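The values are calculated or read from the model by the stated rules, or taken from the named source; none is laboratory data. The model shown is predicted, which means the values in this text are computed figures rather than measured ones. Counting neighbours? That spans all protein chains shown, and the Cβs are built from the backbone with ideal geometry, glycine included.
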Amino acid sequence: MTLELRDVGWNAGFKKIISDVSLRVEPGEFLGLIGPNGSGKTSLMSVLAGIRAPSRGQALLDGQAMKKVGRRNLARRIGFVEQQADTIDRITVREAVALGRTPYLSLLSPWSEDDQAIVQKALEAVEMHLMADRMWQTLSGGEKQRVHIARTLAQQPDFLLLDEPTNHLDIHHQLGLLDLVRTLPVTVVAALHDLNHAAMFCDRIAMMDRGKLIAIGTPEQILTSQNLRDVFGVAADIERDDQGRCHIRYQVGISGQTGIKKDRVA
Amino acid sequence: MALLSSATGLRISAICFALMLLCGALAVAASVGETAIPVQTVMDTIANHVWHAGRDVDPIDAGIVWNYRLSRAVVAASCGAALALSGVVLQALLRNALADPYLLGISAGASTGAVSVAILGLGAGMLGLSLGAFIGSVLAFAFVTLLSLQAGRGTGAIILAGIAGAQLFNAMTAFIVTKSASAEEARGIMFWLLGNLSGVRWPDVWLALPMALIGLVVCLWHARALDAFTFGQESAASLGVPVRRVYILLIGVSALMTAVMVSIVGSIGFVGLVIPHAVRFFVGTRHGMLLPLSGLIGALFLVGADVLSRVIIPGQVLPIGVITALIGAPAFALILCHGRVLR
């Protein structure tokens, strides 16, 4: 049960988007992926999910190259929730979750009662079972996101990959969603924007900057004033509570601090 | 569980019902016309031809039924089914409600091919109108495919490439027609472009019917893959669908079906765009149900439209494309409004 990248690079056309990323996801952990906009988080997530083949290096599932594992088998092991996947189709919540059974179905093994039960369980896990017959278009952003998670749970994956799952949700739903994900019996990799969320929920954090993975470790190791200034170009104090959790307090309007990032970009 | 099996039962009975309706429509289509022929005679004729039943039928009636009307009705049905299926597939893969079988430049290419043969005399009499149209549509599709590959991946690139291709080939058609055609020829081409089933005989059936059936089987085989595109390409990929292979295969099959149909009967509009939407309103968006029913309803619709085109003005056959739009547009408007109330 391992998911691993070895010296992975990925190009969009001739442009290098990510390069030299080596990363090993440990079973059962909640791994957060942080980094400024355009640092390659989304590309890294899709390489990790097996949707994009790396241009260089290797993406491995259980030590085997993903290419050899095959798409269907990958889909049974890795669930991936993209940033805001929406649809114009008129489908119900249950139908959307049932899509998660796709990698298990074929002409020889058609839809069965087992599939129905798995879908029901997935709906219950995200507490959407009472809304199973609602139309997709009538759902709120938070509900849609929970349905996406239920769909990936119906894939019965070992790894759950989430690309900025809390975008556009209010704070209540942000915390609720991450808390839900943490309690699920799967290994989680989530690209997160909010560093305090990363601090609260992650066992480990991987930090990206300009297409490279520059640090990986516990929240305490990664979320330092130095890193936040160098990578995100913000000034912040890190506070620790009694349980050793860090909390980030940002500062604005301190001269010189925000200028650093601008220079680096230019 | 109980819900699922009853849904499956409903699905099978709906498909059987539509299939029976289609058989009935074919029989009616063979009996209606300038000389009305009783349905019983139609049945007897079919029995004589299919299993040599040796029934007593007037040979002239039998000739009209078998050689003219039945072949025409079967081609209309195949064509309706193929266009509706292509519409379903393209709307699902390109995630665009306005996608239709002609989006990929196929009808534009077909018209260019047809006028090149009919007016410019390309192929020096070796090529028929149909073959010319088929070659034109394949060339246009190839052009659109290459252009969309150059323009980058993604559904937007395909749609824009299709628009560019269609405009280019339509312009070439217009150029050839205005430069070289006599008024008579121009009218003939215009008529052909709007869809024309009058020259259709059994050899056309043996081309159209297998094509529609093969298309149906290939699409049904990928029904779950098409479902998986509900949330887009990436989501389909993460559900284990080989996106690129499905794209190439299904768009290729849709294009081939459309090219074959257009080369036989001209470009009949409306069916491929609207039938999928209409069927979706009633049975939802899951392709296991949507594909067979769209095919059947498309077939029914075109058989009916063909009958109307023959009888609506006595002594004159209207282009079937005119009928499909004249009947289809108001019918679709009704469904749209009704559908909104349902929601």
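Here are the numbers for the structure shown:
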read-out: B:Ser31 away from chain A (no Cβ under 14 Å) and touching a helix residue (DSSP H, G or I) at 6+ places or on another chain (Cβ under 6 Å); value: yes
read-out: Any hit, segment A:18-39, residues being assigned to a helix (DSSP H, G or I) and either modelled with pLDDT of 90 or more or under 27 Å from B:Arg224 (Cα atoms) (or both); value: no
read-out: Subset of segment A:48-67 that is in contact (Cβ under 8 Å) with a residue 40 or more places away in the chain and among the charged types (D, E, K, R) - its residue that is farthest from the other protein chains (Cβ to nearest Cβ); value: A:Arg56
read-out: Criterion violated by A:Gln226 - all others in (1) without any contact (Cβ under 8 Å) to a residue 24 or more places away in the chain; (2) closer than 12 Å to A:Pro36 by Cα satisfied; value: (2)
read-out: From the options B:Val144, B:Val177, B:Val200, B:Val217, residue that is aliphatic (A, V, I, L, M), in contact (Cβ under 8 Å) with a residue 60 or more places away in the chain and part of a helix (DSSP H, G or I); value: B:Val177
read-out: Members of segment A:11-22 that are within 19 Å of A:Gln83 (Cα to Cα) and surrounded by fewer than 23 Cβ atoms within 10 Å (Cβ to Cβ); value: A:Ala12, A:Ile17
read-out: Residues of segment B:294-324 that turn out to be in a helix (DSSP H, G or I) and over 14 Å from the mean Cα position of the chain (by Cα), as a count; value: 7
read-out: Answer residue from segment B:147-172, given it is exposed (fewer than 14 other Cβ atoms within 10 Å of the Cβ) and among the polar types (S, T, N, Q) and is farthest from B:Val243 (Cα to Cα) among those; value: B:Gln167
read-out: B:Val217 vs. criteria over 27 Å from B:Asn67 (Cβ atoms), more than 18 Å from the chain's Cα centre (by Cα) and of a type in the set (A, V, I, L, M); value: no
read-out: Test set (1) away from every other protein chain (no Cβ under 14 Å); (2) at positive phi; (3) not hydrophobic (A, V, I, L, M, F, W, C) - B:Ser148 fails condition number; value: (2)
read-out: Residue match in segment B:33-55 (condition: under 26 Å from B:Phe270 (Cβ atoms), of a type outside the set (Asp, Glu) and either at pLDDT below 90 or surrounded by 14 or more Cβ atoms within 10 Å (Cβ to Cβ) (or both)); value: yes
read-out: In segment A:182-220, residue surrounded by the most Cβ atoms within 10 Å (Cβ to Cβ) [restricted to those that are in a helix (DSSP H, G or I) and in contact with a Pro (Cβ under 7 Å, 6 or more places away or on another chain)]; value: A:Ala198
read-out: All positions within segment A:68-99 that are more than 12 Å from chain B (Cβ to nearest Cβ) and either within 18 Å of the chain's Cα centre (by Cα) or not aliphatic (A, V, I, L, M) (or both); value: A:Lys68
read-out: Those residues of segment A:23-50 which are on the phi > 0 side of the Ramachandran plot and surrounded by 18 or more Cβ atoms within 10 Å (Cβ to Cβ), in sequence order; value: A:Gly35, A:Gly40, A:Gly50
read-out: Residue that is nearest to A:Leu161 (Cα to Cα), among those in segment A:79-118 that are small (Gly, Ala, Ser) and assigned to a loop (DSSP other than H, G, I, E, B); value: A:Ala85
read-out: Qualifying residues in segment B:125-167 (those that are farther than 19 Å from B:Ser254 by Cα and of a type in the set (S, T, N, Q)) - the one nearest to the chain's Cα centre (by Cα); value: B:Gln167
read-out: Checklist (1) in contact with a Ser or Thr (Cβ under 9 Å, 6 or more places away or on another chain); (2) closer than 28 Å to A:Arg151 by Cβ applied to B:Val218, failing item; value: (1)
read-out: Residue in segment B:256-264 that is within 25 Å of A:Pro110 (Cα to Cα), surrounded by fewer than 24 Cβ atoms within 10 Å (Cβ to Cβ) and out of contact with any helix residue (DSSP H, G or I) (no Cβ under 6 Å at 6 or more places or on another chain) present; value: no
